[in-house]
Amino acid sequence: MPINWFPKHMRSSEEVLRKNLKFADVIFEILDARIPLSSRDPRIDRVIHQKSRVVVLNKCDLSDENGDRVWIEYFKRKGFTAFRVNATRGEGIKRLAGAARGMVLAGKSRSKVPKDQKRAVSAMVVGIPNVGKSTIINAVAGKRKTRIANKPGVTKVKQRVTTPLGLELLDTPGILWPRDDEKALLKLAMVGAVKDEVLDLESLSMSLLERLKVLTSEKLRDVYGVEVAGKESYEILEEIALKRGCIQKNRGVDHMRVSRMVLGDFRKGKLGRITLEMPEDDG
Ligand SMILES: Nc1nc2c(ncn2[C@@H]2O[C@H](COP(=O)(O)OP(=O)(O)O)[C@@H](O)[C@H]2O)c(=O)[nH]1
Ligand SMILES: [Mg+2]
């Protein structure tokens, strides 16, 4: 699995991120609910330091609900409030805004707490690429997302969006860095957070099937008509290819096509709502 996919220029965005953090009372740390740890930049604690933070488990339409509960408890034990969100449908967004306001008005935020209770609480969205930062900004901004005000004290490129939820949002998210350990990268690739061009799709789809046959064997049977018990993942992949006609003339199974299909089905949620890692897992 190639590891060196992350563009170097993004490292320079840490400086930008640090500068913009100053303008936010609260940080929304966006994670992928299917892989909350693998989609988390471990450096975030260093970067955002003591700033108040709400953890967002986004794409919860694709994750397992029990898994979400376990993760919310996990973050609670670490001292963070966490919420399930489906940004594309705007679900969980109001609670997010409420929590951010509550946090600041209760004085939990160590940033300059607004004295005037009517003042909007300012928030900044941070996360690694593809976790849904832009979608969340749009969901929070709602219909008023076009009402962008250029406020003094905000760096030139950054603008704040006034939202109907009593939040002011920096309209550009802070981009964090994906983990570069191999186990995390594999899971980031499975959920589609890494560009497919840089990956070996066949080994990726087989790694995915390795997990799915444990997590959701019935679903694989329902969707593809393939029994997975006792089979190696390459056998499962080939059987799926045969069932779905992923065959090349005179050349047998079209591994690329079937791999793409399985990965696509998983990413779209066609194979069920699946959380790929739990706090107690070892990879
Ligand atoms: N299924 C699902 N897809 C989502 C959700 N939020 C974002 N996405 C999708 O994830 C992809 C990346 O989202 P985007 O907001 O561009 O991520 P960003 O790179 O963090 O800004 C897009 O295709 C979104 O439609 C969600 O809650 N559920
Ligand atoms: Mg974006």
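Tyr234 to Asp45: extension gain in nm, 0.36 nm per residue of separation minus the Cα-Cα distance?
64.0 nm
Arranged by the count of other C-beta atoms within 10 angstrom, fewest first, what order do Asp171, Asp45 take?
Values: Asp171 19, Asp45 10.
In order of increasing Cβ crowding within 10 Å: Asp45, Asp171.
Residue separation times 0.36 nm, minus the C-alpha to C-alpha distance between Asp281 and Asp200: what's the value?
Extra length available between Asp281 and Asp200 comes to 26.7 nm.
Residue separation times 0.36 nm, minus the C-alpha to C-alpha distance between Glu182 and Glu210: what's the value?
Gain on extension, Glu182 to Glu210, equals 8.5 nm.
Need one number: the % of Cα-Cα pairs in region 200-281 sitting beyond the 19 Å mark.
Pairs farther apart than 19 Å: 31 percent.
Quick one: order Glu168, Glu91 by neighbouring beta-carbon count within 10 Å, fewest to most.
Least crowded to most crowded, the residues run Glu91, Glu168.
For region 163-265, run through the trypsin sites (Lys or Arg not before Pro) and keep only the ones in DSSP coil with at most 13 other Cβ atoms within 10 Å of their Cβ.
Lys195, Lys249, Arg251
What are the ³J(HN,Hα) couplings of region 42-54, residue after residue, when phi is run through the Karplus curve with 6.51, -1.76, 1.60 and θ = phi - 60°? Round to Hz, x for glycine and proline.
Result, rounded to whole Hz: x, 7, 4, 4, 5, 6, 8, 6, 9, 4, 4, 9, 10.
Report the residues of region 252-275 in range of a label on Glu218: point 7 Å along Cα→C-beta, backbone N strictly under 18 Å from it.
Under 18 Å, as judged by backbone N against the label point of Glu218, lie 270-275 of region 252-275.
For Asp25, list long-range residues whose amide hydrogen, built 1.01 Å from N in the peptide plane, is under 5 Å from its own amide hydrogen.
Residues meeting the criterion, in which the H sits 1.01 Å from N, are Ser122, Ala123.
Laboratory data are not the source of any read-out in this text; all were calculated from the coordinates shown. In this text the structure is predicted, and so the values were computed from the model without any measurement. Don't worry about glycine lacking a Cβ; one is built from the backbone with ideal geometry, like all the others, and counts go over all protein chains shown.
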